[in-house]
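Notes follow once the structure below has been shown.
The values are calculated or read from the model by the stated rules, or taken from the named source; none is laboratory data. Remember, predicted model here, so these are calculated numbers, not experimental data. Please note: Cβ atoms are built from the backbone with ideal geometry, for glycine as well, and neighbour counts cover all protein chains shown.
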Amino acid sequence: MDFSKRLHEGYAHRKYDLDKKKIEHFIDSFFRFIFFLEYQRCSELSDIQMRLNHFKNEFKEILYSVTDDKESPETELFFESFPKIYESLEKDAQAIFDNDPAAKSIEEVMFSYPGFFAIAVYRFAHELYKSNVPLIPRIWTEFAHSKTGIDINPGAEIGNNFVIDHGTGIVIGETTIIGNHVKIYQGVTLGAHSVTKNLQNTKRHPTIEDHVVIYANATILGGDTVIGENALIGGNVWITESIAPNSVVFHKGQVTVKNKFPGNEPIIFSI
């Protein structure tokens, strides 16, 4: 088939007419507005209400691009659920601040921490995912993934006071369940044993209970795998079975230091 004809066929048969950049721009702008990142202050309450109405109307247009119902109830449901989502995000920001000695203020967390941005976009996307809104939840979380290196599927269930430290390379699969007060570091994978289409409607990813800490580059796999509450998972471990509550799991490697110069005299140095 001629390539131009192939493209013509693709456009003719695509399911949705949506503007991907507009969908990404919406969540980015909405995040910046509600967490006070815009340069100009909204000094009047009427300014806030006007901006919220603007976002609501823009969101209606975006929803209409993936549904035939111009009066879709999802817009109202989303904005009605917004205060609860916002309260949860405030707890996340506080938890990040409380757990990171490098953080100087909550404002710094909201302005600059990639983990907080990824969590925020996930929480908004998850609300739409629960209502079976197509495409938009995944577009949002993949947008956050592209900006932060943190890949959270909108289907994951994540509790309150969630902390992502550094964050680059984190992967959280669709059927992951994470409890409250959980902290994870860069490179952590919460994934599946295997990836086949016939497992689509099964729980493929692990459950992480309350107050668990998972250090860098740990890999935890499997829908039957449960990490018990208060467990501490060390860096670089590979886990495919459940871990009891209050456990400490670590990878024991061997480190050898050799003198690269001949002779028996040790090298004396200070840092």
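Computed values, structure above
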| item | result |
| --- | --- |
| Answer residue from segment 118-162, given it is under 19 Å from residue 26 (Cβ atoms) and among the small types (Gly, Ala, Ser) and is surrounded by the fewest Cβ atoms within 10 Å (Cβ to Cβ) among those | 146 |
| Selected residue (only one of 104, 84 is exposed (fewer than 14 other Cβ atoms within 10 Å of the Cβ), not in a helix (DSSP H, G or I) and not hydrophobic (A, V, I, L, M, F, W, C)) | 104 |
| For residue 16: the one exception among (1) modelled with pLDDT under 90; (2) touching a Leu at 6+ places or on another chain (Cβ under 8 Å); (3) of a type outside the set (Val, Ile, Thr) | (1) |
| Tally, over segment 90-108, of residues that are over 16 Å from residue 160 (Cβ atoms) and either in contact with a Leu (Cβ under 7 Å, 6 or more places away or on another chain) or of a type in the set (Asp, Glu) (or both) | 3 |
| Test: residue 80 is under 30 Å from residue 162 (Cα atoms) and acidic (Asp, Glu) | yes |
| Total residues in segment 203-234, condition surrounded by fewer than 16 Cβ atoms within 10 Å (Cβ to Cβ) and under 17 Å from residue 165 (Cα atoms) | 0 |
| Residue within segment 154-174 that is farther than 20 Å from residue 34 by Cβ, in a helix (DSSP H, G or I) and modelled with pLDDT of 95 or more present | no |
| Test: residue 133 is more than 15 Å from residue 153 (Cβ to Cβ) and out of contact with any Lys or Arg (no Cβ under 6 Å at 6 or more places or on another chain) | no |
| Meets criteria (of a type in the set (A, V, I, L, M, F, W, C), touching a helix residue (DSSP H, G or I) at 6+ places or on another chain (Cβ under 7 Å), assigned to a strand (DSSP E or B) and touching a residue at least 60 places away in the same chain (Cβ under 8 Å)) for residue 139 | no |
| Segment 17-38, residues that are in a loop (DSSP other than H, G, I, E, B) and either surrounded by fewer than 11 Cβ atoms within 10 Å (Cβ to Cβ) or basic (Lys, Arg) (or both) | 17 |
| Single residue of segment 236-257 satisfying the filter (under 21 Å from residue 210 (Cβ atoms) and in a loop (DSSP other than H, G, I, E, B)) that is modelled with the lowest pLDDT | 250 |
| Qualifying residue in segment 181-194 (condition: at pLDDT below 95 and closer than 23 Å to residue 243 by Cα) | yes |
| Test: residue in segment 73-81 that is loosely packed, with under 12 Cβ neighbours inside 10 Å, out of contact with any helix residue (DSSP H, G or I) (no Cβ under 7 Å at 6 or more places or on another chain), under 20 Å from residue 117 (Cβ atoms) and of a type outside the set (D, E, K, R) | no |
| Long-range neighbours under 6 Å by Cβ, at least six apart or interchain, first residue more than 12 Å from residue 172 (Cα to Cα) within segment 201-221, second at pLDDT 95 or above and among the charged types (D, E, K, R) | 209/229; 210/229; 211/229; 213/183 |
| Options 85, 23, 62; residue that is touching a residue at least 12 places away in the same chain (Cβ under 8 Å), β-branched (Val, Ile, Thr) and under 15 Å from residue 120 (Cα atoms) | 85 |
